[in-house]
């Protein structure tokens, strides 16, 4: 069974957040001029409007662009600067080049990483995956989409033509692909220019096309070209033939509105697009028929604006612009939160979300999420003694990872944001790939002397079903500190005592819905005895006869995922086990069973209120922090999660 991509959720306790820092190059957008002679690539400072020519190549046709991190370990040592890399596709001569995004003058010899000859013709960039792969499309009629595996792991300047060959992601020709985007669920969206539609290729393999297409030809697109995704999952597509406008679709591909009143005339051309983390849409295009009519449109696409709002046009006297890519580490997204007394509030950043919980009173604060080069986070992880882990790069931010920052330290004493225990509690969610099998959080504290200390937060719970964002996986952690920046890591530590175990399923009265059994129905207000055994994995043992593992550490996690009427929801519960607020199972040495008595009369809601567990459907998950299960199929994502119903007496 192929598991869908997962989102990881963490709950932390923090009083001060320190922001990530690296050499800033300004909020730069990179633009290309297509088939102009020569074909050129510029950077545009989106604050000042300053323009710098970076690449100029006769006979080229630079169109699609994408910016990704340099993931080569030799480039990104502690003593060397962190680099971002611009990838550019020349469609006419089937060439792909890349160069240092920090360049401030003409790059005379951008590195050529592909120049035809391997099946891929007329490439269009593209996206960078969390694994450092470059995804491109072929603009030919009946083209496909392709991947250059691990290209970002090659040091800039050391990946000559042919070092990494393109791999076709779908077996047969489909449509006339152009621009691409990544959905919040991780799937690849591909514009079919001639078919007036948008394909959807499911993650993580991107090797099939859904039928029907994500946006069909009946939706009104007219020679679509560029595509971008908003933080809440909604989609924008640019047209090239029909009166130029940007069409708006919801997260399911249904038309929301056609926003044609953006100050565009019938001589305006719209091409490639990219959305910033803060929901500012940048669109490459042209404003008229003059030779120097190129324009970069800056459009407010934030959810609160309803339809789009044109905020600024950069017209620096360039040829018509075709491609655009953002240096996204310098486009941090900020959200203002107002939390009611005893309530909670959520900020959505697309591939990450932040929720304040258990606030003791009403308060307000700002939250910032910054896409960060993973090499920066590797240095933080490496500063923790006896910790083996790697950054858990976001699935959709072109190889960057989200780091959370908030100004909690600026809140006055008694502001109400801290819970009744005096600490600040919140949930942090971030979208990670399938390779993250043992998630953990890293939190880094900075004191008044600017000394930074990083630790691993203790895991408290996991929620594979439901969450702040759709189709997500959640884990809950907690810690107390006076400072922290927070990000996700994937533990690479060896399993405890090299034990491999098999989860033997829940015992009565809890049914195993993952085995096709019906969900148990239990009355509210009782203590539910949750039990299971953990056998050594074959060939050493089995669930029927043992031998059984008796030194595992296991957590019980409970979340309400639907109310009594079946309406979907997500409410993570802090639970009381045998009279104690604790997520841990205990071991009965005689029966060799792990057991946890969950008191359904004492659910602690995110607001901090303790009451009878609300009626409805719950997910119940067992997580082993001691790595005592085999994977697959025994993992946090599959057979350790079951459903049950809580009803009336």
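Total residues in the stretch 310-330 satisfying the condition of being surrounded by fewer than 15 Cβ atoms within 10 Å (Cβ to Cβ) and either more than 14 Å from residue 33 (Cβ to Cβ) or within 24 Å of the chain's Cα centre (by Cα) (or both): the figure is 2. Of the residues making up the stretch 495-508, at least one is in contact with a helix residue (DSSP H, G or I) (Cβ under 8 Å, 6 or more places away or on another chain) and either modelled with pLDDT of 80 or more or crowded, with 17+ Cβ neighbours inside 10 Å (or both).
Quick grid of which residues meet (1) touching a strand residue (DSSP E or B) at 6+ places or on another chain (Cβ under 8 Å); (2) touching a residue at least 40 places away in the same chain (Cβ under 8 Å); (3) within 25 Å of residue 417 (Cα to Cα):
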{"residue": "556", "(1), (2), (3)": "yes, yes, no"}
{"residue": "559", "(1), (2), (3)": "yes, yes, yes"}
{"residue": "576", "(1), (2), (3)": "yes, no, yes"}
{"residue": "587", "(1), (2), (3)": "yes, no, no"}
{"residue": "596", "(1), (2), (3)": "yes, yes, no"}
{"residue": "610", "(1), (2), (3)": "yes, no, yes"}
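Would you confirm whether or not the stretch 68-75 contains a residue that is in the same structural domain as residue 314 (by TED's automatic domain parsing), surrounded by fewer than 24 Cβ atoms within 10 Å (Cβ to Cβ) and either at pLDDT below 50 or in contact with a strand residue (DSSP E or B) (Cβ under 9 Å, 6 or more places away or on another chain) (or both)? Checking the stretch 68-75: not a single residue is in the same structural domain as residue 314 (by TED's automatic domain parsing), surrounded by fewer than 24 Cβ atoms within 10 Å (Cβ to Cβ) and either at pLDDT below 50 or in contact with a strand residue (DSSP E or B) (Cβ under 9 Å, 6 or more places away or on another chain) (or both).
Taken over the stretch 612-649, residues that are more than 30 Å from residue 436 (Cβ to Cβ), part of a strand (DSSP E or B) and at pLDDT 90 or above amount to 2. In summary, strands (runs of 3 or more DSSP E) completely within the stretch 504-586 and bearing 3 or more residues that are within 26 Å of residue 427 (Cβ to Cβ) occur at 554-563, 568-573. Failed condition for residue 358, given (1) buried (at least 22 other Cβ atoms within 10 Å of the Cβ); (2) modelled with pLDDT of 80 or more; (3) at positive phi, with all others met? Here residue 358 clears every test but (2). Taking first residues from the stretch 252-266 that are assigned by TED's automatic domain parsing to the domain that holds residue 222 and partners that are modelled with pLDDT under 70 and in a loop (DSSP other than H, G, I, E, B), the Cβ contacts under 7 Å between residues at least 6 apart in sequence or on separate chains come to 264/244. Filtering the stretch 104-138 to residues that are in contact with a strand residue (DSSP E or B) (Cβ under 8 Å, 6 or more places away or on another chain), part of a loop (DSSP other than H, G, I, E, B) and free of Cβ contacts under 8 Å to residues at least 60 places away in the same chain leaves 104, 105, 106, 107, 110, 116, 119, 120, 121, 122, 133. Total residues in the stretch 296-305 satisfying the condition of being surrounded by fewer than 23 Cβ atoms within 10 Å (Cβ to Cβ) and touching a residue at least 24 places away in the same chain (Cβ under 8 Å): the figure is 3.
Quick grid of which residues meet (1) under 12 Å from residue 98 (Cβ atoms); (2) crowded, with 23+ Cβ neighbours inside 10 Å:
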residue	(1), (2)
127	no, yes
148	yes, yes
152	yes, yes
155	yes, no
158	yes, no
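Considering the conditions (1) at pLDDT 85 or above; (2) under 29 Å from residue 149 (Cα atoms); (3) outside the structural domain of residue 301 (by TED's automatic domain parsing), residue 322 is excluded by exactly one of them, (3).
From the list 143, 157, 175, 233, the one residue that fits, being part of a loop (DSSP other than H, G, I, E, B), out of contact with any strand residue (DSSP E or B) (no Cβ under 7 Å at 6 or more places or on another chain) and touching a residue at least 12 places away in the same chain (Cβ under 8 Å), is 233. Just one of the listed residues (563, 588, 599) is modelled with pLDDT of 85 or more and surrounded by fewer than 14 Cβ atoms within 10 Å (Cβ to Cβ), and it is 588. For residue 304, the criteria (1) more than 30 Å from residue 70 (Cβ to Cβ); (2) assigned to a strand (DSSP E or B) hold in every case but one, which is (2). Just for the stretch 572-585: of the residues that are surrounded by 19 or more Cβ atoms within 10 Å (Cβ to Cβ) and within 19 Å of residue 640 (Cα to Cα), which one is farthest from the chain's Cα centre (by Cα)? The residue in question is 577. Scanning for something over 23 Å from the mean Cα position of the chain (by Cα) and within 18 Å of residue 255 (Cβ to Cβ), does the stretch 156-167 turn up at least one residue? Checked against the condition, which is being over 23 Å from the mean Cα position of the chain (by Cα) and within 18 Å of residue 255 (Cβ to Cβ), the stretch 156-167 yields no hits at all.
Does at least one position in the stretch 199-213 carry a residue that is within 24 Å of residue 313 (Cα to Cα) and either touching a residue at least 12 places away in the same chain (Cβ under 8 Å) or buried (at least 22 other Cβ atoms within 10 Å of the Cβ) (or both)? No.
Yes/no matrix, rows are residues, columns are (1) in contact (Cβ under 8 Å) with a residue 24 or more places away in the chain; (2) in contact with a strand residue (DSSP E or B) (Cβ under 6 Å, 6 or more places away or on another chain); (3) surrounded by fewer than 22 Cβ atoms within 10 Å (Cβ to Cβ); (4) assigned by TED's automatic domain parsing to the domain that holds residue 276:
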| site | (1), (2), (3), (4) |
| --- | --- |
| 362 | yes, no, yes, no |
| 370 | yes, yes, no, no |
| 400 | yes, yes, no, no |
| 405 | yes, yes, yes, no |
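The values are calculated or read from the model by the stated rules, or taken from the named source; none is laboratory data. On a predicted model such as this, the values are computed, not experimentally measured, just so you know. Neighbour counts are summed over all protein chains in view; Cβ atoms, including those assigned to glycine, are modelled from backbone coordinates with ideal geometry.
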